[in-house]
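Read through the structure below, which is laid out as structure tokens, and then see the notes.
Here, each number is a calculation from the coordinates, and none is a lab measurement. Nothing here was measured: the structure is a model prediction, and the numbers come from that model. Every residue, glycine as well, gets a Cβ built from its backbone with ideal geometry; the counts of neighbours run over all protein chains shown.
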Amino acid sequence: MPAKKSAVPTMPFGLDKARKFLDSTKSYGIVFDKDSDGICSAALIVKYMRSRGITTVFAQAKDETGINVSAGLLEQMNACETLVTCDLPIDQSGFVNALNVKRLLVIDHHTPVKNMSSKSVVHINPRFEDAQIYRPTSYLAYALTQPFSLRYAWIAGIGVLGDYGLKDCKDLVDVVARDYPQLVTKNPYDQREMWKSGLGMLSAILAAAYGVKSSTGSTQAFEIVSHAERPEDVTSSELMQYYDEFQGELERVIDDFERNATRFSRANAYLYKLDSKYKIMSVLSTLVSEKHPDAVIILYRETAYHVEMSTRCQSGRIDVAEMMSALTRGIGTGGGHPKAAGGEADIEHGEELLERIRRKFEGLN
């Protein structure tokens, strides 16, 4: 498939400022979301900086649920003079007021609450330019580091596929299809088909690293991707042991979902309590929503302190980010993207949150 005439994508809002920020940076730390978009966007930034002779003080995946980080990670972040964050909506986080760094670059694509840009902060989000645009953070990192990043289009493609951004990032997909035809299907813009591709396999490998080893696995995956020169460097790595283990558990819980999820038939919604030792909820919600694209999927699990939820509605019939924000109001936090969102509440509010969900969907019956 021929690539478009220009391989350089149109730069969304503020990427020139972000490039100047990076090019004036001499030392930095980087924190990223635990999923493939967070991992791949951070890997692209670190590769670019490494090509300029600049290495990180530290690089770590977010290590708490929701939009939170641990006290230990926050301390590391504040010890940096310059900090870069990837795929983290820190404008709406619980730790933003405790963040104290001299220079901050935020590269994100979640629906923003506010623009944090100031003399010391560069806040990049394409939704400042267009509220409806959907460009995952891996795409932004790819655009930001051009032309260096062209050789690593496959890494950006992993993150974009993992975050359901193929249709809005066709220029990137064209480059991947041209340079790495073995990684794509006949229609590389088809999200469902692309899960079966080589790129889909790579995205699943990164998801498995988090699923089996939590944020430690995401950081391990980042280390491998940030040093990879070709896709085979990932598929021949120690991450494959996590992939094999994770796939077996996925098959079990998908079968259990189909048999035991509570269905609100007239509302076309499903509620399912997940019981697994793996961090599998986000991947599971995506997979079952692919099977039921017009349904609202709500998965939840209970920990010692929280009830955590992952929601999907692939057709966009219901904006699940707005839904989760409303359902958790006053008892927790919720939000994300219109088709994919999450939320959590303290365990003492767990039953109230579940009751709100039941009332909502029983009310639609």
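What distance in nm separates the two pseudo spin-label positions at residue 262 and residue 277, each 7 Å out from Cα along the beta-carbon direction?
Spacing of the two 7 Å Cα→Cβ label points: 2.8 nm.
How big is the shadow of the Cα convex hull of the stretch 256-363, averaged over all directions, in nm²? Working shown, then result.
On the way: hull surface 24.4 nm².
Averaged projected hull area, Cα only: 6.1 nm².
Applying 1/(1 + (r/R0)^6) with R0 = 25 Å to the Cβ-Cβ distance of residue 57 and residue 182, what FRET efficiency is obtained, to the nearest 0.05?
It comes to 0.10.
Residue 27 to residue 148: FRET efficiency via 1/(1 + (r/R0)^6), r the Cβ-Cβ distance, R0 22 Å, to the nearest 0.05?
0.65
Report, in debye and to the nearest 20, how large the dipole of the stretch 15-233 comes out about its Cα centre when Lys and Arg carry +1 and Asp and Glu carry -1 on their Cβ.
So the magnitude is around 440 debye.
When the helices in the chain are scored as -39500 (n - 2.57) per DSSP H run of 4 or longer and the sum is shared across all residues, what 222 nm value do you end up with, to the nearest 500 deg cm²/dmol?
So the helix-based figure for the chain works out to -13000 deg cm²/dmol.
Which angle from 0 to 90°, rounded to the nearest 10, does the C-alpha axis of helix 198-227 make with the longest principal axis of the chain?
Tilt relative to the chain: about 90 degrees.
Apply the Karplus parameterisation 6.51 cos²θ - 1.76 cosθ + 1.60, with θ equal to phi minus 60°, to every residue of the stretch 31-37 and state each ³J(HN,Hα) to the nearest whole Hz, in sequence, with x for glycine and proline.
Rounded to whole hertz, the list is 10, 9, 5, 7, 8, 5, 5.
Say the cut-off is 27 Å between C-alpha atoms; which of 279/339; 62/277; 17/186; 34/167 go over it?
The answer is 17/186.
Viscosity 0.692 mPa s, temperature 37 °C: give me the Stokes-Einstein translational D for the stretch 95-152 in µm²/s, with Rh taken as the Kirkwood radius over C-alpha pairs.
258 µm²/s
Please list log₁₀ I(q)/I(0) at q = 0.14 Å⁻¹ for the chain, using the Debye equation with identical point scatterers on the alpha-carbon positions.
-1.20
At most 14 other C-beta atoms within 10 Å and a DSSP loop state: those are the exposed trypsin sites (Lys or Arg not before Pro) I care about. Give me the longest piece of the chain that has none.
The reported range is 197-265.
How large is ³J(HN,Hα), in whole Hz, for each residue of the stretch 232-246 in order, when computed from phi with the Karplus curve 6.51 cos²θ - 1.76 cosθ + 1.60 and θ = phi - 60°, using x for Gly and Pro?
Values per residue, Gly and Pro as x: 5, 5, 8, 6, 9, 8, 5, 5, 5, 5, 5, 4, 4, 5, 5 Hz.
Assuming R0 = 35 Å, can you tell me the calculated FRET efficiency for the pair residue 346 and residue 236, based on Cβ-Cβ distance, to the nearest 0.05?
Taking R0 as 35 Å, the efficiency between residue 346 and residue 236 is 0.20.
About its Cα centre, how strong a charge dipole does the stretch 256-363 have in debye, to the nearest 20, once Lys and Arg get +1 and Asp and Glu get -1 at the Cβ?
360 debye
Specify the angular offset, from 0 to 90 degrees and rounded to the nearest 10, of the alpha carbon long axis of helix 153-162 from the longest principal axis of the alpha carbons in the chain.
So the inclination is approximately 20 degrees.
Placing +1 at every Lys and Arg Cβ and -1 at every Asp and Glu Cβ, with all other atoms neutral, what dipole size does the chain have around its Cα centre, in debye to the nearest 20?
Approximately 1060 debye in magnitude.
What is the angle, in °, between the Cα long axis of helix 170-179 and the longest principal axis of the Cα atoms in the chain? Nearest 10 is fine, range 0 to 90.
With both axes taken from Cα atoms, the answer is about 70 degrees.
Please turn the phi angles of the stretch 19-24 into ³J(HN,Hα) values with the Karplus equation 6.51 cos²θ - 1.76 cosθ + 1.60 (θ = phi - 60°), one per residue in order, whole Hz, x for glycine and proline.
5, 4, 4, 5, 6, 9
Report the antiparallel proportion of the DSSP beta bridges in the chain as a percent, rounded to a multiple of 5.
Looking only at bridges with both residues in the chain, the antiparallel portion is about 50 percent.
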